[in-house]
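Written below as structure tokens is the structure these notes are about.
The values are calculated or read from the model by the stated rules, or taken from the named source; none is laboratory data. All values reported here derive from a predicted model rather than from experimental measurement. Here Cβ is always computed from backbone atoms with ideal geometry, including for glycine, and neighbour counts include all displayed protein chains.
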Amino acid sequence: MRDNTTKTIFWAFLTPDYKAMIEQLEDMARQGWMLEKINSFRAKFRAIPPQNITYYVDVFPGSGVLDADDNPRLMEYRKLCEESGWHYVTSRGHLQFFCSSPDVPAVPIQTDLEIESNCIKSTVLRSEYLGMLLFFIYMLYHVFRITRFDYRDLLTFTGIASDYVYPFIVIPMGVWFVYIIIWHIKLVRCVKNGQPMPTPSLKSAKLRAGIIYLILAVFVIIMFLAILGDAVTGAPYVLFALIPLPVGLMVGLGLKKFFKTSNNSKKNKVVVLISGLIAAAVLASFLTLGLLSGFLGRDYDEIEAIPADYLVLTLEDFPGYKEADIKMNSLDRHMSPIVPEQFDYWEIGENHQSISSEYYRAVTPYFARKIFVGKLEEETRYGKMIDAPASDWDADEAFYFRDKQQILLIKGTVVIYVDGDFDLSDPEMRNVVISKLLVKQ
Amino acid sequence: MAREQLKTLSEPMYYILLALTSTEYGYGIMQKVEEISSGRVKVGAGTLYALLARFTKEQIVYLVSDDGRRKSYALTPKGLEMLKHEYERLNQMVLDGTRYLESGGSNER
């Protein structure tokens, strides 16, 4: 049965717009809904007879993350507010929500803008600037990633999302931070000129928060879809990247509960916080790396038959192959929006002969070239490259490595890399590679 | 918040210190400020809390009693000295203004 006595709505405001919440809360009261609780993005109301209620949202420095819900400072502050006619409703972080009856006008909780402004600076603005700093570090990491381009990022959904989509997150976050800085400057100016604090309208506050949170939600969804994309297209181990989320959530909730119920000193709580964060990082790394190495270190004797449409080379394909059982092999097929066809196969025979082949087909020659250059740089780290006759290989460009037992070539949108115990400059061997990997494209 | 080093007092600070010339608890201070100023100055609970915290820290007021239900405060000798100094300063300003204006100072240019 539908519960008509409570109502939960989406609740998102940018920090400087907290005064705009009052307008919405008073609107809800006129519609017969009284605020009960506010979480990160939700506000819960309970049904009441429609009436006028006056709300006040104040910032109190003694109700931060590390402060207990019943700490003496907070209790004394709330008691003072209660005595002066403001009934405590709920709180979210530093924000304290009070209401009063308009029939008995209460003195506003803050009557001195200078004092109010100092409370805001030491609480919400400090948190925002800390957020800015962390985001700046995060963006530096992305700049570093972009400048140190890795062709392997083109091969996965998550790599593409990280390199080509996530840097754009700087736009909504930048708008957010610029707004906070402008608001801060306005606040300082108001204090200096003795003017009242700027109060945004509910409409503009909701529009701002709506746009920014929507864009951020799109980024989160993109990353989630990218992980899912990799998981279902041949790299299920990327799901291990999600392990830090539940671990972080569990540790975070545990720490929050401890901080909110314990009246330990702030110093002790900081020690607990740091220890908790280290423990969470160690646990998440341990679980992720443990599962990942377990997954990647699995036995390589599982591939019995290679599907006919897979563009890979096997020992059997080569004329010089001395027949022997396959000792180990591994086959991976991946795809990404930029490189929709990728095959990576290697096998080792009982006689220790081996072959491995990598096949990449990109959506455009531009991306194929990126892979080719990346692979070339990778291989030249281990040995000198030797020009291979591109026309013989029916390619745009080709290079041998290591006694011509390795070849890297590009043809249009296709990049091929072969490494085996065969002389690939031999026309017969070359034809095997061309007929199996290039002719079929 | 408080003026630098509390050399001068803002209006709410001055009235709160006036109210604390006798022992008062939190809400009592708010009522007394209104009473002293004939309703002209009102101090909100948040503002009062912040100022009391600051005054206590700077030993301008002290906690007289805390029965768990409410806390009472009063001025320390330092606070009383500060209040007297501010009173004299304001008085001097009024006297200067009165003398100047009554002598037709503003019309002499």
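Does the stretch B:17-24 include one or more residues that are at pLDDT below 95 and part of a helix (DSSP H, G or I)? Checked against the condition, which is being at pLDDT below 95 and part of a helix (DSSP H, G or I), the stretch B:17-24 yields no hits at all. When the stretch A:411-434 is limited to residues that are charged (D, E, K, R) and not in a strand (DSSP E or B), the one that is surrounded by the fewest Cβ atoms within 10 Å (Cβ to Cβ) turns out to be A:428.
When the stretch A:401-437 is filtered for residues that are over 20 Å from residue A:338 (Cα atoms), modelled with pLDDT of 90 or more and hydrophobic (A, V, I, L, M, F, W, C), the ones remaining, listed by number, are A:407, A:418. Report whether or not residue A:388 is in contact with a Leu (Cβ under 9 Å, 6 or more places away or on another chain), surrounded by 19 or more Cβ atoms within 10 Å (Cβ to Cβ), at pLDDT 90 or above and aliphatic (A, V, I, L, M). Criteria not met by residue A:388. Among the residues of the stretch B:43-61, count how many are within 11 Å of another protein chain (Cβ to nearest Cβ), touching a Ser or Thr at 6+ places or on another chain (Cβ under 6 Å) and either farther than 19 Å from residue B:8 by Cα or surrounded by fewer than 17 Cβ atoms within 10 Å (Cβ to Cβ) (or both). Residues in the stretch B:43-61 being within 11 Å of another protein chain (Cβ to nearest Cβ), touching a Ser or Thr at 6+ places or on another chain (Cβ under 6 Å) and either farther than 19 Å from residue B:8 by Cα or surrounded by fewer than 17 Cβ atoms within 10 Å (Cβ to Cβ) (or both): 2 in total. Taking (1) crowded, with 17+ Cβ neighbours inside 10 Å; (2) under 22 Å from residue A:39 (Cα atoms); (3) without any contact (Cβ under 8 Å) to a residue 24 or more places away in the chain in turn, residue A:91 satisfies each apart from (3). Going by the conditions given, is residue A:127 within 14 Å of another protein chain (Cβ to nearest Cβ) and touching a residue at least 12 places away in the same chain (Cβ under 8 Å)? No: the conditions fail for residue A:127. Scanning the stretch A:111-123 for residues being surrounded by 16 or more Cβ atoms within 10 Å (Cβ to Cβ) and either of a type in the set (S, T, N, Q) or more than 14 Å from every other protein chain (Cβ to nearest Cβ) (or both) gives a total of 4.
Against the criterion of being within 9 Å of chain B (Cβ to nearest Cβ) and not in a strand (DSSP E or B), residue A:65 does not qualify. Would a scan of the stretch A:379-389 turn up a residue that is touching a strand residue (DSSP E or B) at 6+ places or on another chain (Cβ under 9 Å), touching a residue at least 60 places away in the same chain (Cβ under 8 Å), farther than 19 Å from residue A:234 by Cβ and not charged (D, E, K, R)? No, that holds for no residue. Does residue A:100 qualify as being of a type outside the set (A, V, I, L, M), within 30 Å of residue B:13 (Cα to Cα), within 14 Å of another protein chain (Cβ to nearest Cβ) and surrounded by 14 or more Cβ atoms within 10 Å (Cβ to Cβ)? When the stated conditions are applied, residue A:100 passes them. Answer yes if at least one residue in the stretch B:25-37 is without any contact (Cβ under 8 Å) to a residue 24 or more places away in the chain, polar (S, T, N, Q), within 11 Å of chain A (Cβ to nearest Cβ) and assigned to a helix (DSSP H, G or I), and no otherwise. Among the residues of the stretch B:25-37, at least one is without any contact (Cβ under 8 Å) to a residue 24 or more places away in the chain, polar (S, T, N, Q), within 11 Å of chain A (Cβ to nearest Cβ) and assigned to a helix (DSSP H, G or I), which makes the answer yes. When you scan the stretch A:158-166, do you find a residue that is in a loop (DSSP other than H, G, I, E, B), more than 14 Å from every other protein chain (Cβ to nearest Cβ) and either touching a residue at least 40 places away in the same chain (Cβ under 8 Å) or buried (at least 19 other Cβ atoms within 10 Å of the Cβ) (or both), even just one? No; the residues of the stretch A:158-166 include none that is in a loop (DSSP other than H, G, I, E, B), more than 14 Å from every other protein chain (Cβ to nearest Cβ) and either touching a residue at least 40 places away in the same chain (Cβ under 8 Å) or buried (at least 19 other Cβ atoms within 10 Å of the Cβ) (or both). Here B:71, B:78, B:84 are screened, and the one residue that is within 14 Å of chain A (Cβ to nearest Cβ) and either of a type in the set (D, E, K, R) or surrounded by fewer than 16 Cβ atoms within 10 Å (Cβ to Cβ) (or both) is B:71. A Cβ distance below 8 Å, combined with a sequence gap of six or more or placement on separate chains, defines the contacts here; from the stretch A:71-82, residues that are more than 8 Å from every other protein chain (Cβ to nearest Cβ) reach residues that are surrounded by 21 or more Cβ atoms within 10 Å (Cβ to Cβ) and part of a loop (DSSP other than H, G, I, E, B) in the pairs A:74/A:60.
Among the candidates B:94, B:64, the residue that is in contact with a strand residue (DSSP E or B) (Cβ under 6 Å, 6 or more places away or on another chain) and either surrounded by fewer than 17 Cβ atoms within 10 Å (Cβ to Cβ) or within 14 Å of chain A (Cβ to nearest Cβ) (or both) is uniquely B:64. Consider residue A:76 carefully, then state whether it is assigned to a helix (DSSP H, G or I), surrounded by 20 or more Cβ atoms within 10 Å (Cβ to Cβ) and of a type outside the set (S, T, N, Q). So residue A:76 fails the test. Taking each residue of the stretch A:333-352 that is part of a loop (DSSP other than H, G, I, E, B) and looking for partners that are among the small types (Gly, Ala, Ser) and modelled with pLDDT of 85 or more with beta-carbon atoms closer than 7 Å, six or more apart or interchain, yields A:338/A:362; A:339/A:362. Taken as a whole, the condition of being farther than 20 Å from residue A:123 by Cα and not basic (Lys, Arg) applies to residue A:244.
Considering only the stretch A:199-217, I want to know if a residue exists there that is out of contact with any Lys or Arg (no Cβ under 6 Å at 6 or more places or on another chain), surrounded by 15 or more Cβ atoms within 10 Å (Cβ to Cβ) and closer than 30 Å to residue A:296 by Cα. No, the conditions are met nowhere in the stretch A:199-217. Considering A:52, A:4, the condition of being under 20 Å from residue A:103 (Cβ atoms), surrounded by fewer than 13 Cβ atoms within 10 Å (Cβ to Cβ) and polar (S, T, N, Q) is satisfied by A:52 alone.
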